[in-house]
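Take a look at the structure below.
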Amino acid sequence: MLKQNVYEIDRNYRIAKDICVMVLKGADHGFTRPGQFANVKLNGLYLRRPISVCDYNQDQFTLMYKTVGIGTEQMSRMKAGETVDVLTGLGNGYDVDKSGDKPLLIAGGSGVPPMYKLAKTLVEQGKNVCCALGFNSAEDVYLLEELKALGAAVFVSTVDGSSDIKGFVTDAIAAAPQDRSFFYTCGPLPMYRAVRQILQTEGQYSFEERMGCGFGACMGCSMMTRSGAKRICKDGPVFDSSEIIWEELK
Ligand SMILES: Cc1cc2nc3c(=O)[nH]c(=O)nc-3n(C[C@H](O)[C@H](O)[C@H](O)COP(=O)(O)OP(=O)(O)OC[C@H]3O[C@@H](n4cnc5c(N)ncnc54)[C@H](O)[C@@H]3O)c2cc1C
Ligand code: FES
């Protein structure tokens, strides 16, 4: 459920090259499903910046973000005790009821954060969770140990071969057990175009579109699906594979 609150930063720290974690205190955050997102208000910037919820519990929620530009750089400089205005509980999130017994979680680059809460939820339900993650280089790899600590099997690819499997996330998928029941994925569109060629089950894709309002009011994020035009921020960002019209995506 959409909420707007001013949250106090509990911790904000770097965990890999260009990747930071911000933990915000607050019980009333409205997150109910992995794959939902927050929209963060930053000083001097008209548009909020959408960031997936990486984890949440009764007392706090965690955002994990890559510093790519003016907004995320500003976030990375914020200190514990400072406050930040955040819209929370946005988007539909992943449907964990569709996972079957052996879900495969696939992510690349800044698509990795939402996989943490998703993996945690599925492991808690007794599912055999396997992750395939793609990065550019060893120094970009993050969340690997945390996902393993949950009990997930994790296969990692790096484009330059400096860690694990050399290649793309498709190579990590190829190395993972092939008996998967369902997939969940988060990453850029070129990655989706590549992975869909080799995936053998139904699944869900999360779309990262640039957003205006983030809660369904401006129509700035619409996408044509098999059941009509949808707003990525409100009807998505997660869509079933059967809903997607690949020829329509730019
Ligand atoms: C639903 C959703 C969930 C997201 N979750 C995460 C997350 O968990 N962690 C994370 O690191 N990032 C996430 N992103 C991407 C994040 O919103 C952008 O990286 C961020 O807004 C960039 O802001 P900036 O001011 O630092 O960069 P800008 O200065 O605005 O732009 C810098 C670069 O980032 C690109 N960019 C800007 N906004 C987006 C966007 N919305 N999607 C893709 N590329 C963008 C620009 O094209 C440009 O190349 C998510 C985006 C969406 C829509
Ligand atoms: S960003 Fe405004 S409707 Fe989606």
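The values are calculated or read from the model by the stated rules, or taken from the named source; none is laboratory data. Values in this document were obtained by computation on a predicted structure and should not be read as measured data. Positions of Cβ are generated from backbone atoms using ideal geometry, with glycine treated the same way; all protein chains shown enter the neighbour counts.
On the basis of being within 16 Å of ligand 2 (Cβ to nearest atom) and within 14 Å of the chain's Cα centre (by Cα), does residue 19 make the cut? The answer is no for residue 19.
When the stretch 147-169 is examined, which residues are found to be assigned to a helix (DSSP H, G or I) and farther than 21 Å from residue 199 by Cα? Outline the logic, then answer.
Of the stretch 147-169, the ones assigned to a helix (DSSP H, G or I) are 147-150, 169.
Once the filter is applied, which keeps residues that are assigned to a helix (DSSP H, G or I) and farther than 21 Å from residue 199 by Cα, the stretch 147-169 yields 147, 148, 149, 150.
Would you be able to say whether some residue in the stretch 192-205 is among the acidic types (Asp, Glu) and within 16 Å of ligand 2 (Cβ to nearest atom)? Before you say what the answer is, go through the steps one by one.
Going residue by residue through the stretch 192-205, those that are among the acidic types (Asp, Glu) are 202.
Now narrow it down to the ones that are within 16 Å of ligand 2 (Cβ to nearest atom): none.
Checked the stretch 192-205: no residue is among the acidic types (Asp, Glu) and within 16 Å of ligand 2 (Cβ to nearest atom).
For the stretch 223-235, the candidate set comprises residues that are more than 8 Å from ligand 1 (Cβ to nearest atom) and surrounded by 17 or more Cβ atoms within 10 Å (Cβ to Cβ); within that set, the residue that is nearest to residue 87 (Cα to Cα) is 234.
Among the residues of the stretch 175-188, are any out of contact with any strand residue (DSSP E or B) (no Cβ under 8 Å at 6 or more places or on another chain), assigned by TED's automatic domain parsing to the domain that holds residue 133 and closer than 25 Å to residue 103 by Cα? So that I can check it myself, show each step before the final result.
Of all residues in the stretch 175-188, those out of contact with any strand residue (DSSP E or B) (no Cβ under 8 Å at 6 or more places or on another chain) come to 178-179.
Pick out the ones that are also assigned by TED's automatic domain parsing to the domain that holds residue 133 and you get 178-179.
Cutting the leftovers down to closer than 25 Å to residue 103 by Cα gives us 178-179.
Yes, the stretch 175-188 has at least one match.
Among the candidates 79, 41, the residue that is more than 16 Å from ligand 2 (Cβ to nearest atom) and charged (D, E, K, R) is uniquely 79. Residue count for the stretch 194-217 satisfying the condition of being more than 13 Å from ligand 1 (Cβ to nearest atom) and either within 17 Å of the chain's Cα centre (by Cα) or more than 22 Å from residue 53 (Cα to Cα) (or both): 11. Determine, yes or no, whether residue 44 is within 12 Å of ligand 1 (Cβ to nearest atom), farther than 26 Å from residue 140 by Cβ and more than 15 Å from the chain's Cα centre (by Cα). Considered against the rule, which asks whether it is within 12 Å of ligand 1 (Cβ to nearest atom), farther than 26 Å from residue 140 by Cβ and more than 15 Å from the chain's Cα centre (by Cα), residue 44 comes out as yes.
Among the residues making up the stretch 232-250, those that are out of contact with any Lys or Arg (no Cβ under 7 Å at 6 or more places or on another chain) and either near ligand 2 (Cβ under 7 Å from one of its atoms) or part of a loop (DSSP other than H, G, I, E, B) (or both) are 232, 233, 234, 235, 237, 249, 250. Scanning the stretch 158-184 for residues that are among the polar types (S, T, N, Q), buried (at least 17 other Cβ atoms within 10 Å of the Cβ) and touching a Ser or Thr at 6+ places or on another chain (Cβ under 7 Å) turns up just one, 158. Taking every residue in the stretch 40-53 that is of a type in the set (S, T, N, Q) and pairing it with any residue that is within 14 Å of ligand 2 (Cβ to nearest atom) and modelled with pLDDT under 95, at least 6 positions away or on another chain, the pairs with Cβ-Cβ distances below 9 Å are 52/208.
Given the options 60, 74, name the one that is over 18 Å from the mean Cα position of the chain (by Cα) and either under 13 Å from residue 23 (Cα atoms) or of a type outside the set (Phe, Trp, Tyr) (or both). Give the derivation first.
Values: 60 fails: over 18 Å from the mean Cα position of the chain (by Cα).
Answer to the check: 74.
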